[in-house]
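A short worksheet on the structure shown next.
The values are calculated or read from the model by the stated rules, or taken from the named source; none is laboratory data. Here the structure is a predicted model, which is why all the values come from computation and not from measurement. Using ideal geometry, Cβ is built from the backbone for each residue, glycine included, and neighbour counts are taken over all protein chains shown.
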Amino acid sequence: MTFSKRPFLLTFMVFGYAFLYLPILSLIVFSFNKAQSVTEWSEFSLKWYYELFSNKMILTSALLSLKIALLTATISVIIGTVAALVIVRFQSFKGRTFFNGLVTAPLVMPEVITGLALLLFFVVLQQTIGWPKERGITTITLGHVTLTIAYVIVIVRARLLEFDRQLEEAALDLGARPITVFFKITLPLIFPSIAAGWLLAFTLSLDDVVLASFLSGPGSTTLPMLVFSSVRTGISPVINALATIIVSLVTIGIIIAGWFMHKGSLMKSEES
């Protein structure tokens, strides 16, 4: 019975991965195509990469997206790590269940609803206290932090739940201060999960279209927004070149995150 099912499962897996990755592979191949067509191959060329790096609009949007992603990932990691510590280590404070549900709500909330709610919130703030003066990098970053912080909390909390508290207790018994224990023992052991959360937050922010569309203003068009608007008017090989670079960066990020997760699993095995 098991043997008869194996060819079917293997075939299903091959077709599934082909459906997911063949379009991406085709996109990468045709980014090196000299012809304007994105379906017919002519000859190998780096023409579209030269055009990409000479396009000021794309470069400006890419730089803006990178700034927002870096700010989002850093802020999300700081707040998310503190929130995860509060949820795991302080289990007796009032409202813990409500707080736990509140910080993870963005995981299941549709981005359209989140974006609309944040837009109305910033409009009310602007009319009440005059801040923010305009929608741009600040509002987009705050919107992305609202979304990505939940992912960081889930990742770091999972690591803290498996953390061996005896290591901290031993250090405290030997005379170490709590702040020293945190920076010398706790933080290094949970750092792989923090790094994985940072990379995930960076990727989600760099890829977001919905929230950025609600929270952006004049002169604050992010790279995904620019790509989305340009694709609607026709696919250009320049977009293929841009997508190839993004796929390469994401692949590198996944490899780094996998390395950190593998390092974290080794640390957990050493603890046990």
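For the reader, a short list of remarks on this structure follows.
- Of all residues in the stretch 161-190 being of a type outside the set (Val, Ile, Thr) and in contact (Cβ under 8 Å) with a residue 24 or more places away in the chain, the one that is nearest to VAL250 (Cα to Cα): LEU189
- Any hit, the stretch 221-243, residues being touching a His at 6+ places or on another chain (Cβ under 9 Å), crowded, with 19+ Cβ neighbours inside 10 Å, at pLDDT 90 or above and closer than 27 Å to LEU70 by Cβ: no
- Per the conditions (1) assigned to a helix (DSSP H, G or I); (2) in contact (Cβ under 8 Å) with a residue 12 or more places away in the chain; (3) out of contact with any Gly (no Cβ under 9 Å at 6 or more places or on another chain), the sole criterion not satisfied by PHE214 is (3).
- The residues on offer are PHE202, PHE183, and the sole one that is among the aromatic types (Phe, Trp, Tyr) and either surrounded by fewer than 21 Cβ atoms within 10 Å (Cβ to Cβ) or not in a helix (DSSP H, G or I) (or both) is PHE183.
- Consider the stretch 99-130 and keep the residues that are closer than 30 Å to PRO192 by Cα and free of Cβ contacts under 8 Å to residues at least 24 places away in the same chain. The one that is surrounded by the fewest Cβ atoms within 10 Å (Cβ to Cβ) is VAL108.
- Within the set ALA195, ALA171, the sole residue that is of a type in the set (A, V, I, L, M), in a helix (DSSP H, G or I) and under 23 Å from GLN91 (Cα atoms) turns out to be ALA171.
- Subset of the stretch 205-215 (residues that are buried (at least 21 other Cβ atoms within 10 Å of the Cβ) and either under 13 Å from the mean Cα position of the chain (by Cα) or polar (S, T, N, Q) (or both)): SER205, LEU206, ASP208
- The stretch 200-259, residues that are closer than 20 Å to THR148 by Cβ and among the basic types (Lys, Arg): none
- For the stretch 142-157, the count of residues that are over 30 Å from PHE228 (Cβ atoms) and aromatic (Phe, Trp, Tyr) is zero.
Matching residues to (1) surrounded by fewer than 14 Cβ atoms within 10 Å (Cβ to Cβ); (2) at pLDDT 90 or above; (3) over 18 Å from the mean Cα position of the chain (by Cα); (4) not in a helix (DSSP H, G or I):
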site: THR139; (1), (2), (3), (4): no, yes, no, no
site: LEU142; (1), (2), (3), (4): no, yes, no, no
site: VAL154; (1), (2), (3), (4): no, yes, no, no
site: PHE163; (1), (2), (3), (4): no, no, yes, yes
site: GLY175; (1), (2), (3), (4): yes, no, yes, yes
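- Exclusive hit being of a type outside the set (Asp, Glu), in contact with a Phe, Trp or Tyr (Cβ under 6 Å, 6 or more places away or on another chain), free of Cβ contacts under 8 Å to residues at least 40 places away in the same chain and under 30 Å from LEU120 (Cα atoms), set VAL227, VAL209: VAL209
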